[in-house]
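Notes for the one structure printed next.
Laboratory data are not the source of any read-out in this text; all were calculated from the coordinates shown. All of these numbers come straight from a predicted model, not from anything done at the bench. Note that we place each Cβ from the backbone using ideal geometry, even for glycine, and neighbour counts take in every protein chain shown.
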Amino acid sequence: MVRRGVPARKWSMNATERAIPSARPHDARSPFVRLAELLAGIEPGQPAINIAVGEPQHPIPSFVGPVLAAHLADFGRYPANAGTDRYRQAVAGWLNRRYTLARPIDPASEILVLSGTREGLFLAAIAAKRWVKPRAGKPAMLIPNPFYAVYAAGAVAADCEPVYLDATAANGFLPDLGALSPDLLARTAAFYLASPANPQGSIADAAYLQRLIALARRHGFMVFADECYSEIYWKDAPPGTLEQAGSDFANVAVFHSLSKRSSLPGLRLGFIAGDKTFIKPFLDLRSVAAPQVPVPAQEVAIAAYGDEAHVEENRALYRAKFDLADQIIGNRYGYRRPPGGFFLWLDVSQHGGSEGATVKLWKEAGLRVLPGSYAARPQADGSNPSDGYIRIAMVQDRDVTADALHRLVAVLG
């Protein structure tokens, strides 16, 4: 949208660092709203299977019900905005066990509860705009392209310019840090990074994270590390951003949730951890702008962070389904088993492209997938790095997943 009386800005960018001028219209609605409109009025050719939404369908852990029942009385009081001491101590214990941190993280000043990571990732943009020193130009939020939609929503709410950094196969499905200009970095307020990435499953290694943190400290911006898929991997556990952040965790905030790790998307519970100079103003904002998290839910999380058996069982279920993908898809559609996450990111550029393949799969196979182009933004030249892809969420059970993959291959060939 262009404000009246404000001329459109001109940009000078290279192929990786390409921002969308505010004068260029683009569809900022939810990808799933757009998908519903794309498929409206088209009958599925076979019984429908929804593999578009990244909502885990695995059984919830057996301890959830008993823990909730034991703490029902706690629904009768307002929770603290920061989270209970027990919850933050449980998170600290898990972080200290899961990662090799330079020092134990402080639960009192460096961890806060969240009502799911979406809330935290959205509010973090507003908090970062207030936290950074004056920028050299309009503050910018750097966002991998494709991306989780809340990153852009937060940037817009904070009155910052979202700058979309293409994360393509050519650069390992991660933003190219070497292509970022000093001028852009000088006005950056925050850099969002998901590792493992949604949707490609790419993992930023320690060297990449160290380089990003060094840029953040040199230019005074925050790194927002979305690590909600950190416990879904096939071989080696992904490195954590806090591991690379030294003893003060300066300029780093990580976001985790139980949605994927523990198959509890409906619990809406997560945390932010990191730089205490950012955590404090973030809490000030959260205290007036976000819902408190019920104590019984935090008690479930305490049990979840104290148990790794259900996490390994969950991971094994995903591994088995990716074994199916290896067998059924093979080397079609540019498929390579991703190192983390639970999505397939398939190149269908020779099969109708994002929207064409999506419609075909729904109409002929009853498969509801997400067009890759809906998970990304077009650049100033009109190109979209995800135009030729579809995203498939491997969240159904093994039999349904096998059926879906066989249907996909039968239709696309």
Which log10 I(q)/I(0) values, to two decimals, does region 138-191 give at q = 0.14, 0.19, 0.21 Å⁻¹ under the Debye formula with one point per Cα?
-> -0.35, -0.62, -0.74
Summing +1 for each Lys or Arg and -1 for each Asp or Glu, what net charge is found among the other residues whose Cβ lies under 13 Å from the Cβ of ALA206?
-> -2
If you take the Cα atoms of the chain, find Rg, then find the Kirkwood Rh from the mean of 1/r over all pairs, what is Rg/Rh?
-> 0.96
Karplus-derived HN-Hα couplings along region 229-237 (A = 6.51, B = -1.76, C = 1.60, θ = phi - 60°), whole Hz, x at Gly and Pro | 9, 4, 9, 10, 8, 10, 9, 9, 4
Theoretical FRET efficiency, 1/(1+(r/R0)^6), r = Cβ-Cβ of ASP381 and ASP284, R0 51 Å, to 0.05 | 0.80
Got a sec to turn the phi values of region 108-114 into Karplus ³J(HN,Hα) couplings, 6.51 cos²θ - 1.76 cosθ + 1.60 with θ = phi - 60°, whole Hz, x for Gly and Pro?
-> 6, 10, 10, 9, 9, 6, 9
Going residue by residue through region 384-389, the Karplus relation 6.51 cos²θ - 1.76 cosθ + 1.60 with θ = phi - 60° gives ³J(HN,Hα) values, rounded to whole Hz and with x marking Gly or Pro, of 10, x, 10, 4, x, 10
Magnitude of the charge dipole, the chain, Cβ model with Lys/Arg +1 and Asp/Glu -1, debye to 20 | 1140
Hey, can you rank 280-289, 358-367 by average C-beta count inside 10 Å, highest first?
-> 358-367, 280-289
Residue-count net charge about HIS71 - beta-carbon cut-off 13 Å; Lys, Arg +1, Asp, Glu -1 | 0
For region 204-293, what class follows from the C-alpha gyration tensor (a ≥ b ≥ c being the square roots of its eigenvalues): rounded when a/c is under 1.5, otherwise prolate if a/b is larger than b/c, else oblate?
-> oblate
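Answer rounded, prolate or oblate for region 300-378, using the Cα gyration tensor with square roots of eigenvalues a ≥ b ≥ c: rounded when a/c is under 1.5, else prolate when a/b is larger than b/c, else oblate.
Prolate, since a/c reaches 1.5 and a/b exceeds b/c.
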Label-to-label distance, nm, for residues given as ARG211 and GLU308 (7 Å Cα→Cβ offset) | 3.1
For 37-48, 169-180, 108-119, ranked highest to lowest by mean beta-carbon neighbours within 10 Å, the order is 108-119, 169-180, 37-48
Formal net charge of residues neighbouring ALA136 (Cβ-Cβ distance under 12 Å; K, R +1; D, E -1) | +3
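Rounded, prolate or oblate for region 151-263? Axes are the square roots of the Cα gyration tensor eigenvalues, ordered a ≥ b ≥ c, and the cut-off for rounded is a/c under 1.5.
Taking the square roots of the gyration eigenvalues as a ≥ b ≥ c, region 151-263 is rounded.
Applying 1/(1 + (r/R0)^6) with R0 = 56 Å to the Cβ-Cβ distance of ALA102 and ALA410, what FRET efficiency is obtained, to the nearest 0.05?
After rounding to 0.05, the efficiency reads 0.60.
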How many nm separate the modelled label positions at VAL53 and ALA402, each set 7 Å beyond the Cα in the direction of the Cβ?
-> 2.6
List, largest first, the extents of the alpha carbons of region 215-361 along their principal axes, each in whole Å.
-> 50, 40, 31
